[in-house]
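Q: Pasting a structure here, questions to come.
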Amino acid sequence: RLPQCFDHITWTVSNGDILLNGQPFRVRGANWFGFETGTSVVHGLWGATTMDAVLDMLVTNKLNVLRIPFSLDMALNSATTIPAWNCYECVTDKSWDALDRLFDKAAARGIMIILELHSFTAGGPVTELWYNGSYSEASVITGWSNMLNRWGSRANLMGIDIKNEPHGAATWNKNAASTPIAQQTDWDKAAVRIVTQLKTLYPSFDKLIIVEGVGTGGADSPFPVSDPAYNKWNGSNLDGVYKAPLDFGVAALNNRLVYSSLIWGPSVNWMPYFGDATFPANMPSVWDKQASAERGLSLPPHLLQHFLPGWGGMKNNVAADTQLQNKWVQYMAANCIGDSIIWAINPNSGSTQGLLLDGWTSPNAAMLDLIKIAQPDPAVITSTITNTNICVTFGA
């Protein structure tokens with residue numbers, strides 16, 4: 001196939017596909033974390049590797065999307081500093097400067113970027129709700145507004161993931177819209193408020209809008225509690241979409257909505273279905289309800305199945321994770337849900353290894369082989385990405 005070149009970039013979602021200029025854009029992506037941690041920049045730049053080396057590895061393996069987690073503190077403070085020795089190549093860079101350069105370098109290599117609000121504080125926990133006693137919903141909107149004012153016009157900004165892993169007190173359409181509790185806990189309603197306000201503050205916003213689910217029990221489920229599929233990871237419960245799909249009230253926003261779910265393995269946490277006597281043969285019947293359900297709904301959005309699992313180079317329950325990961329990538333390929341963003345490039349995650357081995361210089365061939373099974377034919381951007389030029393060889 002030959003590349004197709006365009007003088008514009010338009011993202012939409014239709015019939016279960018993410019579309020770039022009207023054509024399916026097959027995602028093979030990875031997280032590179034660090035901006036949300038105490039280093040205030042992507043990890044590994046402390047002398048182990050460089051931005052160029054990591055991005056070149058992605059190109060070699062046809063990864064086309066980079067997901068960058070960040071903290072709300074960083075979004076609220078353009079003067080966020082990078083502690084000494086955490087980034088040899090950053091020199092006098094602040095965090096925002098380093099992210100500027102990452103966008104530049106990724107665009108030159110045909111790599112799209114998704115920004116994701118991961119935590120409120122640097123190195124802080126993933127909160128249940130989109131606000132807490134120190135950070136209000138208005139603070140989140142201000143943080144995202146700052147991010148869009150700085151990077152919203154970047155040609156290789158593909159989308160924004162509004163909030164990482166709502167769970168616990170977070171619910172989906174559990175309360176009448178007019179009640180105070182709905183304003184306090186219903187994540188679906190908050191997502192609509194946040195996105196609507198961002199569009200008002202940044203009218204030219206035209207990127208994908210990524211919204212994760214809630215946790216187990218956070219939404220009315222079509223499955224009984226006794227059903228293994230009832231148990232879900234934080235942020236992965238999209239059962240509420242059955243009765244209450246998101247509606248921003250504007251077609252242009254609805255047509256760019258992506259639902260995001262998560263699949264983790266035993267290395268991260270134990271689920272009852274991992275202990276089934278038939279494991280991992282039992283997993284496809286669970287995933288049919290967890291990972292594929294939204295694909296069968298009469299809805300415009302696409303379910304982008306984020307790979308944030310404990311599969312591939314696991315650190316804890318390696319044997320069970322290996323079984324799970326092999327079954328999962330086969331399931332993805334067989335069910336055409338291969339669009340994926342794996343956690344992570346980093347080899348220093350607490351419960352997973354990464355696409356790079358511990359020294360940060362050698363690719364982890366086993367994990368790379370797995371994502372290639374899940375998404376065998378990703379889109380390849382063959383040009384530098386600009387707002388007036390992009391050349392793409394679209395995947396099958």
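Q: Looking at the structure I just gave you, is residue 337 among the aliphatic types (A, V, I, L, M), touching a residue at least 60 places away in the same chain (Cβ under 8 Å) and in contact with a strand residue (DSSP E or B) (Cβ under 8 Å, 6 or more places away or on another chain)?
A: The answer is no for residue 337.
Q: What number of residues within region 110-123 are in contact with a helix residue (DSSP H, G or I) (Cβ under 9 Å, 6 or more places away or on another chain), in contact (Cβ under 8 Å) with a residue 60 or more places away in the chain and farther than 19 Å from residue 194 by Cβ?
A: 4
Q: Out of (1) crowded, with 18+ Cβ neighbours inside 10 Å; (2) touching an Asp or Glu at 6+ places or on another chain (Cβ under 7 Å); (3) modelled with pLDDT under 90; (4) in a loop (DSSP other than H, G, I, E, B), the odd one out for residue 260 is which?
A: Failed condition: (4).
Q: Please go through region 270-320 and give me each residue that is at pLDDT below 55 and either among the polar types (S, T, N, Q) or in a loop (DSSP other than H, G, I, E, B) (or both), ordered by number.
A: Of everything in region 270-320, those that are at pLDDT below 55 and either among the polar types (S, T, N, Q) or in a loop (DSSP other than H, G, I, E, B) (or both) turn out to be 297, 298, 299, 300, 301, 305, 308, 309, 310, 311, 312, 313.
Q: Mind checking which residues of region 347-381 are surrounded by fewer than 22 Cβ atoms within 10 Å (Cβ to Cβ) and of a type in the set (S, T, N, Q)?
A: Listed by number, the residues that qualify are 348, 349, 351, 361, 362, 364.
Q: Look through region 169-196, keep the residues that are of a type in the set (Gly, Ala, Ser) and crowded, with 17+ Cβ neighbours inside 10 Å, and return whichever of them is farthest from residue 104 (Cα to Cα).
A: 182
Q: So in region 100-116, with the set limited to residues that are of a type in the set (D, E, K, R) and not in a helix (DSSP H, G or I), which one is surrounded by the fewest Cβ atoms within 10 Å (Cβ to Cβ)?
A: Step one: filter region 100-116 for residues of a type in the set (D, E, K, R), giving 100-101, 104-105, 109, 116.
Of the ones still in play, those that are also not in a helix (DSSP H, G or I) are 109, 116.
Working: 109: 18, 116: 23.
So the residue we want is 109.
Q: When you go through (1) buried (at least 19 other Cβ atoms within 10 Å of the Cβ); (2) touching a residue at least 24 places away in the same chain (Cβ under 8 Å); (3) more than 23 Å from residue 136 (Cβ to Cβ) one by one for residue 212, which number turns out not to apply?
A: So residue 212 meets the others, but not (3).
Q: Can I ask one more? Considering only residues that are assigned to a helix (DSSP H, G or I), closer than 30 Å to residue 391 by Cβ and touching a residue at least 40 places away in the same chain (Cβ under 8 Å), which ones fall in region 82-99?
A: 96, 98, 99
Q: Have a look at 144, 96 and point out the one that is more than 20 Å from residue 39 (Cβ to Cβ) and hydrophobic (A, V, I, L, M, F, W, C). Give the derivation first.
A: Details: 96 fails: more than 20 Å from residue 39 (Cβ to Cβ).
Testing whether each residue is more than 20 Å from residue 39 (Cβ to Cβ) and hydrophobic (A, V, I, L, M, F, W, C) leaves just 144.
The values are calculated or read from the model by the stated rules, or taken from the named source; none is laboratory data. This is a predicted model, so every value here is computed, not measured. Neighbour counts are summed over all protein chains in view; Cβ atoms, including those assigned to glycine, are modelled from backbone coordinates with ideal geometry.
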